[in-house]
Amino acid sequence: MLDAYRGTIDDEGEGIDDAIAAVDHSLAMAVREHSFVLSEGAAVSAFSFVVVVNDLHYIDPIVVAPERKGQGLGRDMVAQCLRSLADAGVSEVGATITDGNVASERLFMGLGFTRRGAWGS
């Protein structure tokens, strides 16, 4: 996660301890049956988690290893989450995207998402 965010709009200068805490927090909130991890050997190439906030399912976070960006893994991970949620009868899904994260905005808009406002509004 730390490497994936380094140099992006989501990079807040976090260190390894911050990254571990963020992953631990995400794992604690993740709805595991709808969350996915792509690993190759001992390395994690991508993951996307589904969390539930105020009875709404959100895809948050979605992370792709820097060396695998641009290969469609992010789209594949989100699509897996969406298929899993649809199979479970979930018809409304949100995503959290940092304002200005153009790549994520393009990804989700390309999958049919529409912007509904800022997180928490």
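Within the range 98-118, being in a loop (DSSP other than H, G, I, E, B) and either surrounded by fewer than 16 Cβ atoms within 10 Å (Cβ to Cβ) or out of contact with any strand residue (DSSP E or B) (no Cβ under 9 Å at 6 or more places or on another chain) (or both) holds for Thr98, Asp99, Gly100, Asn101, Leu111, Gly112, Thr114, Arg115, Arg116, Gly117, Ala118. Taken over the range 61-82, the criterion of being out of contact with any strand residue (DSSP E or B) (no Cβ under 6 Å at 6 or more places or on another chain) and part of a loop (DSSP other than H, G, I, E, B) is satisfied by Lys69, Gly70, Gln71, Gly72. Return the residue satisfying two criteria in turn: it lies in the range 71-81 and is of a type outside the set (D, E, K, R) and open to solvent by 50 Å² or more (accessible area, probe 1.4 Å), and of such residues it is nearest to Gly112 (Cα to Cα). So, considering only residues that are of a type outside the set (D, E, K, R) and open to solvent by 50 Å² or more (accessible area, probe 1.4 Å), the one nearest to Gly112 (Cα to Cα) is Gln80.
Out of all the residues in the range 30-53, is one or more among the acidic types (Asp, Glu) and part of a loop (DSSP other than H, G, I, E, B)?
no
Listed by first and then second residue, the pairs with beta-carbon distance under 9 Å, at least 6 apart or on different chains, first residue in the range 82-102 and over 15 Å from Arg116 (Cβ atoms) and in contact (Cβ under 8 Å) with a residue 40 or more places away in the chain, second of a type in the set (D, E, K, R) and not in a loop (DSSP other than H, G, I, E, B), are Ser84/Glu33; Ala88/Glu33. Tell me, please, whether a residue that is more than 19 Å from Asn101 (Cβ to Cβ) and crowded, with 16+ Cβ neighbours inside 10 Å can be found in the range 54-70. Yes, that holds for at least one residue. Looking across the range 5-38, the residues that are open to solvent by 70 Å² or more (accessible area, probe 1.4 Å) and either basic (Lys, Arg) or within 16 Å of Gly74 (Cα to Cα) (or both) come down to Arg6, Arg32, Val37. Of the numbered criteria (1) of a type in the set (A, V, I, L, M, F, W, C); (2) under 25 Å from Asn54 (Cβ atoms); (3) out of contact with any Phe, Trp or Tyr (no Cβ under 9 Å at 6 or more places or on another chain), the one Val93 fails is (3). Pull up the range 46-98, narrow it to residues that are of a type in the set (S, T, N, Q) and over 12 Å from the mean Cα position of the chain (by Cα), then point me to the one that is nearest to Tyr5 (Cα to Cα). Filtering first and then ranking leaves Gln71. Restricting the range 41-50 to residues that are buried (at least 20 other Cβ atoms within 10 Å of the Cβ) and not small (Gly, Ala, Ser) leaves a set whose member that is modelled with the highest pLDDT is Val50. Among the residues in the range 83-94, are any of a type in the set (A, V, I, L, M, F, W, C), at pLDDT 95 or above, assigned to a loop (DSSP other than H, G, I, E, B) and farther than 18 Å from Ser26 by Cα? Yes: one or more hits.
The values are calculated or read from the model by the stated rules, or taken from the named source; none is laboratory data. Everything numeric in this text was worked out from a predicted model, so none of it was measured. All Cβ positions, glycine included, derive from the backbone under ideal geometry; neighbour counts span all protein chains shown. Side chains are part of the model used for accessible areas, which takes the heavy atoms of the whole protein and leaves out ligands, DNA and RNA. Shrake-Rupley method; radii C 1.70, N 1.55, O 1.52, S 1.80 Å.
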